[in-house]
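Derivation of every value follows stated rules applied to the coordinates shown; laboratory data play no part. Note that the structure is predicted; figures quoted are calculated from it, not measured. Every residue, glycine as well, gets a Cβ built from its backbone with ideal geometry; the counts of neighbours run over all protein chains shown.
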Amino acid sequence: MTFPTARPRRLRRTAALRRLVAQVDVAASDLVLPLFVKEGVAEPAPIVSMPGVVQHTRDSVRKAAAEAAAAGVGGVILFGIPAVKDGRGSAADDPKGIVQLALTDVVAEVGDALVVMADLCLDEYTDHGHCGLLTADGDVDNDATLERYASIALAQAAAGAQVVGPSGMMDGQVAAIRTALDGGGYTDVAIMAYSAKYASSFYGPFRDAAECAPQFGDRSSYQQDAARSAKEAVAEARLDIAEGADIVMVKPAIGYLDVVRAVADAVDVPVAAYNVSGEYAMVEAAAANGWLDRDRAIREMVTSIKRAGAGIVLTYWATELAQRFTR
Ligand code: PBG
């Protein structure tokens, strides 16, 4: 007996068929919008390398969070840019620091409608731009940095953060933060750990946005090496979960979809992926030149990240996607 030719195209024939058999769905509630808030600016300041993204004022960040909430976006994550930076990143855990003030504002405005998160790191706050305290030799001092992270976690929780996102890749950071939060009575504040974070060129535009490019050296002694296998990422995620991480994250997303898949298959907690600034800038720049179809590229990128296994996607397009393309 001869079989008819296989016809995979049968289910691709019409838009209705394609929609019926689609398996990956980008829901607005799975998206998290990163927001930059800068101290001492009177107007939102455009970020040249991230067209469409701004450094917000306290007022405009509240409005952007409200807009995201109205669109059904799942969460926002705040990054602060202080007016004054120093060696220990003093503004990071100052109760009057810009991110703490903005957190309180945003929680008051939309804290019931979406999840309010804070990036927990030092690089936006240090004058040297590294994610931790430095030794006399200029190395990043892991354990001394953990004490700063613990203090920042308490300041962010006191300001109303519902989730803190440690992004500095110090060993033991999740345990230090969980211990501090529990000790401060913030047992309900969750930790979304940047567990597998690679030393990536694709953070370039972010460093313009957060004004945090390292003043010397790079982050290769604490962030992961792209040439390592995804197994290292799985190990990092497992360590973070053992230390108390509630959500684990892979970052960047697009060059690391194998890592997203490996982590998603290995762990039982929710997995997030960060569609980073360089990924955003590539699409925006190419689209501005007419070199690709912006709308399709954005949707394809975020769909691919979800297909790889991320349940949560941090993306600068979150509000736009929610308004225009999701259910
Ligand atoms: C560190 C941090 C970075 C990003 C998020 N948190 C920068 C870095 O590690 O250099 C990058 C995000 C992006 O590129 O969109 N606090």
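How long are the three semi-axes of the equivalent ellipsoid for the chain, computed from the Cα gyration tensor as the root of 5 times each eigenvalue, in whole Å, largest first? All intermediate terms of the calculation are to be shown ahead of the outcome.
Details: eigenvalues 224, 103, 75 Å².
Three semi-axes, in Å: 33, 23, 19.
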Inter-label distance for Asp182 and Phe3, nm, one decimal - labels placed 7 Å from Cα along Cα-to-Cβ: 5.5 nm
Among Ile298, Gly89, Val115, which residue has its Cα furthest toward the positive end of the charge dipole of the chain, with +1 on Lys/Arg Cβ and -1 on Asp/Glu Cβ? Ile298
For the chain, with only Lys/Arg (+1) and Asp/Glu (-1) charged at the beta-carbon, what is the dipole magnitude about the Cα centre, in debye rounded to 20? 2120 debye
Give me P(r) over the range 1-153, computed from all C-alpha to C-alpha distances, binned every 10 Å, as integer percentages. 10, 29, 25, 15, 9, 8, 4, 1
When DSSP beta bridges are limited to those with both residues in the chain, what percentage is antiparallel, rounded to the nearest 5? 10 percent
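What is the fewest-to-most order of Lys231, Lys38 by other Cβ atoms lying within 10 Å of their Cβ? All intermediate terms of the calculation are to be shown ahead of the outcome.
Numbers: Lys231 11, Lys38 25.
Lowest to highest Cβ neighbour count: Lys231, Lys38.
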Given +1 on the Cβ of Lys and Arg, -1 on the Cβ of Asp and Glu, and no further charges, what dipole in debye does the range 66-182 carry about its Cα centre, rounded to the nearest 20? 220 debye
The range 175-284 - Kirkwood radius from inverse mean 1/r over Cα pairs (Å): 14.9 Å
Can you tell me the orientation of helix 173-183 relative to the chain, as the angle in degrees between its alpha-carbon axis and the longest Cα principal axis, to the nearest 10? 60 degrees
In degrees from 0 to 90, rounded to the nearest 10, what is the angle of the helix 230-243 Cα long axis to the longest principal axis of the chain? 50 degrees
Spacing of the two label points (7 Å from each Cα toward its C-beta) at Arg13 and Ser201, in nm: 4.6 nm
Taking neighbour counts of Cβ atoms within 10 Å as a proxy for exposure, in what order, fewest first, do Asp258, Asp93 appear? Asp258, Asp93
Given contacts defined as C-alpha pairs under 8 Å and at least six residues apart, what's the relative contact order of the chain, whole-number percent? 18 percent
In terms of the Cα gyration tensor, with a ≥ b ≥ c the square roots of its eigenvalues, is the range 34-111 rounded because a/c is under 1.5, prolate because a/b exceeds b/c, or oblate? oblate
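Enter the per residue convex hull volume of the range 248-327, computed from alpha-carbon coordinates, in Å³ rounded to the nearest integer. Display every interim value, and only then the final one.
On the way: hull volume 6.8 nm³, N = 80.
Residue-normalised Cα hull volume stands at 85 Å³.
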For every helix of n ≥ 4 consecutive DSSP H residues, a contribution of -39,500 (n - 2.57) applies; sum these over the chain, divide by its total residues, and give [θ] at 222 nm rounded to the nearest 500 deg cm²/dmol. -11500 deg cm²/dmol
For the chain: lysine pairs with Cα atoms under 22 Å, gap of 8 or more or different chains, count? 11
Extension reserve of the Ala242-Glu147 stretch, reckoned as 0.36 nm per residue once the Cα distance is removed: 32.3 nm
Hey, fewest Cβ within 10 Å first, where do Thr319, Thr145, Thr57 land in order? Thr57, Thr319, Thr145
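Taking R0 as 35 Å, what FRET efficiency do you get between Val107 and Trp291 from their Cβ-Cβ distance, rounded to the nearest 0.05? Kindly include the intermediate steps, with their values, before the conclusion.
Values: r = 41 Å, r/R0 = 1.16.
Once the sixth-power term is evaluated, E becomes 0.30.
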